[in-house]
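Peer 1: The structure that follows is given in the form of structure tokens.
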Amino acid sequence: MRPMLKRYFLFSLAIWGVCFGSVPRTPAQEGETNIRVEVDMVQLNVAVMDSKGNYVTGLRPSDFVVTEDGIPQKVATFGEGNEATRRVTRNAPGGDKPEGRSPGGSSNFADSSSELGSELGSLVAGANVFILFDTSNYMYRGFVFAQDAIAEFVRSLDGPDRVAFYSYSRDLSRATTLTADRSQVLRGVRTTVAGDDAALYNALLMTVKDAGQNEGRKVVVVFSNGPDNASMVPPEDVAELAQSKGIPIYMISTREAKLEPVSSTVFKRMSAATGGEAYFAKTWREQQNAFASIRNDLAHLYSLSYYPQPNPNRGWRGISVKLVGERLKKCHIRTRNGYRPQGTRASGEGVASTSGSEPEAASSN
Amino acid sequence: MKPPCLSALTLRVSLCFLLGVSAYCPASGPLPDSSTAPQSAAVAKPAASVAVPGPLRSFLRMAGISQKISPEEVLPLLARNVAVEGYQGRKDRIGRPTEFLILLKRYVDQADELVRLAGPEGVIRVPDCEHAGPLLAILGYQLQGTCGKQVALETADPERAFLTIDSGFPLAELEETLRGTKPFVCPFASSPVPVLFSPVDWVGAARTEGGSSTNDVVRLLLEDPVLARLYWALARMDSETAAAMKQFAGVASLRPFAPVLDFYGSHISIRNGRVLVPGGASAESAWKSLAGASPDSPKEFVARLLVKDDGWFAAYFDTLSRLTPARQVYFADSHRLQHFYEALLGRDSSPGPARPVFRPDPDLLLLVTRLQFDSSGQPTVPGDLQAWQQILRQKSDSRVVRDWARRASHWKSSEELVEAMFAFSRIGSDEGPLRIYLMLNAIDNVRPVDRRLSPQTVRLLAEKFSRYGQQYLIFSEFEGLNDASIARFLEVVDRLDRISNLTLRANALGIFQSDVGLWQILARQRQISPENLNDSWQRMISPFAAGTNSAPLLFDAGRASLQELSRAVSGKTNLSQDELIKLLAGPNQPHPEGQQVRQEMANRIQSVMESQRLVSLDTLLALGQGLNEMAQGKAAANDLLPLAGQLREFEMPRPMFTSSERSEWAAGFYNSRHTSLQTRTDLAKLIKSSDAGKQLADARGLIVPFLRDTLVGLNYAYYEPPGAQVLHNNPLFVRSHDFSGEMAVGGGQSWHVPHVFGTGLPAGGGAHLAGSLADLPFVLAEAEQDFIVPENVQALIWHELVPGLVSSSTLPRWWGVSRNELHAVTLYQRTGEELLAASAQDPTLRRTLLDILSGRMVPQRLEQINKCLQAGAVDDVLSRVMPGETFFLAAEFRRRFPGQTDSWGKAGAELEHLASLHPAEVSWKRLSDDFGVPHPALAQSYSRELLNLKPFPAFMGYSSRLLAESWDSNNLYWARLADEMGYAPVMLNRLVPELTYRMVEKIFATDFEDWPAILRAMRETGEEFRQGKIASLPKIDGKYER
């Protein structure tokens, strides 16, 4: 890892510490042989849709039941859409059931419950959107149109979102690092150059790692023709990393799904596993619709987090998010389905230790 | 990077090197962009120029040329790219234009239109949105919506729009200004660039068929690949020679020789009416005899050089020209010159060496570069001539070899063997007699005279070369390994190779090669004493000879081998994994900074082991012992079940594909057998079973796959390239290493350098290595290199150079370097610089220095240096001379003129003083051993050495790997920086990989031989380091570690 990134990580942690304070778990009883396991706060982006596919808004933390490997979890922070995330001051699971609210074009279930605590500040408001654009030879024919589509998407992103624009062929290019300045992003979009092999999953891995270094909500939007002929890492590793970091991946393919079954399979499964969506949008209109859908999603995602309860499982941990109450029974939820805890942090520079979440100590025998 | 409309074009411009291809330094003309050129008395005479349409930045983007070049390099590199990349089909005929060239030509047309729109003022002005139509029409865009704050641009004509984007036209700025009230103002004028000779020469030399009637040199080069290749070739000759070539018969007459001149023309040098030949004046008669023309008659001699033997004579001349003057003298002896050439030529000159895309005969240059001589000046012969007669008789698969084998029976001298090697150099086989000779020479020549390889060992090594030859580099690295150790090795690998059970064989090879790899690391770090090399080596490999026909026996062999390794390095046999990792990280350090760096190195190794989720050696060995005890009737130890549980902790990544999908989409690539076997291993069940009996006796065999992975993982982790991603994100990477050899007939691949397998196959489970652990530092760097993010758009980071540079930074360690050594490295470089500076005012000294440098520089560069020094442009010279060159210059000057210190400055005096106090630490040998780079491809050895070579060109089969290994400036430069910034030598262990990584990010090259791009990137990185922007190290007590 390069030193600049490392410095940035330390800075991020410092800010995180100010916002949250450090909450180390005390070791279990004295005298026991304890294994110190560092556990990240787990962040979930949750889309809730009613039976008609409309977003359900206005839910409270107590409307959600989160379990990990079947173990109930306490929601630590909560936010909706672009609003700032707040600390939850009341235990969510088993709390009061939400009152029914007036569903509309988007269903609203809001009430004036006071279970939310203080705002966490602007740093975690809005989303950090990482756009990854395919500039490989596969994109050659539709390159200029694709660039127009992304430019349009960037222009249409309003609110407090910060945007980074990356492109890839064989190598990754960080054309514009994370910024709130849209014109800077647009300049990045308009300076991309087409050509070379396609290493989508290499580039996506790097993008997810970059995104993971930032606080707050973050999503990755991939705009690609689909095929990959140069990656070293398989999509499974990228999906697991994104799941572990809580980063939904939205994937727009400019190729019809049936024409490239391998990529379309990956796009569907990776986005589903991470809580994102896949779109197959060959035409300009379809691409615009896909971008509009992502925009809409970003504006309606719930952001939940929790500190995992003691769990001896050091492998894959399944996450389940459910809604509480009869009124929400028919609603659908989309979020990541699990994660693998990151390795212990005793090691040197090469370790990917920048999840942007608070390390804490848990103990188990 | 700023778009051209926002900033003036700031190409790097060097006064002195300006027009270096076409004019002398004192006659250099004003720059095309005079605002960026420093003024100097050296600027006097304007050079001929041609106009490139539009800003240079855009043109360079479209032409695939680095933005960091100087204007005089534009046309040569354009010509190079047209000749190499512009046409499909044979290079000596006009083929179909490639997409690259089609786009470039279209861009030139579009740029012409924009230049016209810009008018005589050379500025495109769009006062407001309503007046954007004409510009947008050229650019291929239209307004989306009506003029106003929401207006945006969208593609109207995709072909034009692509050019607009690809050339970097500031479209975003145009969009912004269209939305506001600010007018769009964009300078868009043609850019003058220097042209070699004059435009008329090139117009006259252009092909006449095809109906081209343009007088525009740029368009001529685009349309005529032969002309382009000729331009590229002549542009790399020194100006006096190029002018003479033109004078002989005109540019047009050189067209047929463009390929030969391109590959083999850069060392032709005509001075004062004669051709300078390898070997100097005393060799002129030999060359005259061989060429059939005298070097005194340049026209005739060069004509013979170009036409003789379909280019082989030119290739021979060029190859010998690349040698040091001393070597040239040897080869240019009249007898040898003739005989070696005849051997090279053989019966048939076809195919000529200028026909392929790359130069075809790397072995010829390797032979003459690496040939070793005994004390009497005769070429050395590993073993004896009889051994080679036998070796040639056995290599009967080539007609050339068979012919020479017959002649070999009459050989009387080693030169006859060398003569045969010239013939073999054209065979082009990785397993041919020349490769054997080079390898065995590398092994033999590091040994003291009284301990040279015996003829029997030579025959043995040669006999098994095709199968195990790529493992032999360990014998060239450690001179202490004697004939018995070598024979024992060959005996063991033969035994392992014959294991019939493929799974067992793969595990055996993995464990054995890993143990050998760990021994190699520890011996290299001098943690195994030189006097203990043979004993420790034989003890380490012998357990594998005792019997590995079953998995339990293999486990025992692996454990015993590890114990012997532990004993050799620590005196005890039961090292824990942490202890072993600490030893791998480096030898014990007496000072806090060394201890800190060593701990960091250990952490890195540990980090990879964790990322790969490998089971600890402690667990595996304890399990093995516990199972053994149980098999002998003892009760299960309390901790055995938890240990067995650790084997089951590893989980495969969550699958994204079904088995049938993998079969369909990654057939032959996805093979999880080894890993699946591990996930199914349930030792706990066995331990709990009351009637396990015989199963318990064999149970330790189930641990074998885990043991293999952990040991392989330690090797991978040690050579982790900086910025590695696969090692940290694909937990199957180590486990997937394929030792089966099934990718090649006969399984021989198991002992060869591994290939990166399965790249770009989403359903294949990720890329992995297939083959042995030979050349692991390079192959790991190869696997990781595409995760390095280039700093510059369109930067060419090429695939053989980068792993070479990176592995030269990860393989060496700097534990034994003293402060005096580190400082001496600095002083040598500074002294070289002082000498060059002094020579600006001292013609005699200058001649001396240029004579020394002639062994490291092509004639054109020597000429440029000379002219620049004459002009007093010392800073320009110093910025373009490699650290390796200044280092060599000072060392060689001291060697040749030991008492001549008049020209020395402060650094020279300090160096002399340091040398008088610490002669060993300041010696060439010591510094070469510690700061040289490994040369596994060029010199068949991982030993570090400063070879003092000119940058190697790209060769078929190597691409730019030989260039990487001939680049010895990095470590010298990083060491100097560390010394100047006050770091302790041990800090190099951290700094060197990190600085090299950053340097690679900065490489902005145009072609595979673009070593100046490496130099630029290196210096830029150094500047960042000096400014504290990168690689800053931790402080202790408020100060940087020193």
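Peer 1: Kindly provide the helix-only [θ] at 222 nm of the protein assembly as shown, computed as the sum of -39,500 (n - 2.57) over DSSP H runs of four or more divided by all residues, to the nearest 500 deg cm²/dmol?
Peer 2: The helix contribution divided over the protein assembly as shown gives -14000 deg cm²/dmol.
Peer 1: What share of Cα pairs, in percent, lie more than 55 angstrom apart in chain B? Intermediate values should be presented prior to the final figure.
Peer 2: Numbers: 117109 of 542361 pairs.
Tail of the P(r) past 55 Å holds 22 percent of the pairs.
Peer 1: Checking the a/c ratio against 1.5 first, then a/b against b/c, what shape does the Cα gyration tensor give for the range B:198-278? Intermediate values should be presented prior to the final figure.
Peer 2: Details: a/c = 2.53, a/b = 1.99, b/c = 1.27.
Prolate, since a/c reaches 1.5 and a/b exceeds b/c.
Peer 1: Counting Lys and Arg as +1 and Asp and Glu as -1, what is the net charge of the other residues whose Cβ lies under 12 Å from the Cβ of B:S514?
Peer 2: Neighbour charge sum, excluding B:S514 itself: -1.
Peer 1: Along the charge dipole of the range A:154-298, Cβ charges K/R +1 and D/E -1, which of A:L205, A:Y279, A:V163 sits furthest on the positive end?
Peer 2: Value computed over the given set: A:V163.
Peer 1: Among B:48-60, B:408-420, how do they line up by average Cβ neighbours within 10 Å per residue, starting with the highest?
Peer 2: Sorting B:48-60, B:408-420 by mean packing, highest first, produces B:48-60, B:408-420.
Peer 1: Now for a different question. Taking the number of other C-beta atoms within 10 Å as the exposure measure, put B:M882, B:M439 in order starting with the fewest.
Peer 2: Lowest to highest Cβ neighbour count: B:M439, B:M882.
Peer 1: Can you give the local net charge around A:N45? Use residues other than it whose beta-carbon is closer than 10 angstrom to its beta-carbon, Lys and Arg +1, Asp and Glu -1.
Peer 2: Residues near A:N45 contribute +3 overall.
Peer 1: Restricting the count to DSSP beta bridges whose residues both fall in the protein assembly as shown, what percent are antiparallel, rounded to a multiple of 5?
Peer 2: Values: 64 of 91 bridges.
Taking every DSSP beta bridge with both residues in the protein assembly as shown, the antiparallel ones total about 70 percent.
Peer 1: In square nanometres, what is one fourth of the surface area of the convex hull spanned by the alpha carbons of the protein assembly as shown?
Peer 2: If you wrap the Cα atoms of the protein assembly as shown in a convex hull and average its projections, you get 55.2 nm².
Peer 1: Next up: For chain B, find the longest principal axis of its Cα atoms and tell me its angle to the long axis of helix B:414-424, 0 to 90°, nearest 10.
Peer 2: Orientation of helix B:414-424: about 70 degrees from the principal axis.
Peer 1: Further question: Where nothing but the Cβ of Lys and Arg (+1) and of Asp and Glu (-1) is charged, how large is the charge dipole of chain B around its Cα centre, in debye to the nearest 20?
Peer 2: Working: 108 positive and 117 negative charges, 223 e Å.
Here chain B has a charge dipole of around 1080 debye.
Peer 1: Can you list the aspartates and glutamates whose alpha carbon sits under 13 Å from that of B:K688, skipping same-chain ones fewer than 8 residues off?
Peer 2: The reachable aspartates and glutamates, counting only those whose Cα sits under 13 Å from B:K688, are B:D639.
Peer 1: Of A:K268/A:K329; B:K288/B:K308; A:K52/A:K329, which sit over 21 Å apart, Cα to Cα?
Peer 2: The pairs that break the limit, which is 21 Å between Cα atoms, are A:K268/A:K329.
Peer 1: Moving to a separate point now. Placing unit charges on C-beta atoms (Lys and Arg positive, Asp and Glu negative, everything else neutral), compute the dipole magnitude of the range B:453-572 about its Cα centre in debye, rounded to 20.
Peer 2: 220 debye
Peer 1: Greater than 28 Å separation of Cα atoms is the criterion. Which listed pairs, A:K209/B:K685; B:K572/B:K634; B:K950/B:K1002; A:K258/B:K105; B:K182/B:K1002; B:K464/B:K950, meet it?
Peer 2: Result: A:K209/B:K685; A:K258/B:K105; B:K182/B:K1002; B:K464/B:K950 exceed 28 Å.
Peer 1: Name the residue farthest towards the positive end of the dipole of chain B from the options B:V108, B:G428, B:A666, assuming +1 on Cβ of Lys and Arg, -1 on Cβ of Asp and Glu, about the Cα centre.
Peer 2: B:G428
Peer 1: For the range B:772-873, what is the per residue volume of the convex hull drawn over the alpha-carbon atoms, in cubic angstrom?
Peer 2: Normalising the Cα hull of the range B:772-873 by residue number yields 189 Å³.
Peer 1: Can I ask one more? Over the alpha-carbon set of the range A:225-306, divide Rg by the Kirkwood Rh and report the Rg/Rh ratio to two decimals.
Peer 2: 0.99
Peer 1: Under 18 Å from a label point 7 Å along Cα→Cβ of B:L502: give me every residue in the range B:551-567 with its amide N that close.
Peer 2: B:551
Peer 1: Using the Cβ atoms and a cut-off under 13 Å, what net charge is assigned to the surroundings of B:S550, where Lys and Arg are +1 and Asp and Glu are -1?
Peer 2: Once all neighbours under 13 Å are counted, the net charge is +1.
Peer 1: Also, quick follow-up: Looking at B:W904, B:P936, B:F955, which one has the Cα that reaches farthest to the positive end of the dipole of the range B:892-1042 (charges on Cβ: Lys, Arg +1; Asp, Glu -1)?
Peer 2: Sorting the options by dipole projection puts first B:W904.
Peer 1: Separate question: Which value, in debye to the nearest 20, gives the size of the charge dipole of the protein assembly as shown about its Cα centre, when Lys and Arg are +1 and Asp and Glu are -1 at the Cβ?
Peer 2: 760 debye
Peer 1: Averaged across orientations, what area in nm² does the convex hull of the alpha carbons in the range B:496-615 project?
Peer 2: For the range B:496-615, averaging the hull's shadow over all directions gives 8.0 nm².
Peer 1: From Cα pairs below 8 angstrom and at least 6 apart in sequence, can you work out the relative contact order of chain B, rounded to a whole percent?
Peer 2: The value is 10 percent.
Since every read-out is calculated from the coordinates, none of them should be taken as a lab result. Source: prediction; values computed, not measured. Note: ideal-geometry Cβ built from the backbone for every residue, glycine included; neighbour counts use all protein chains shown.
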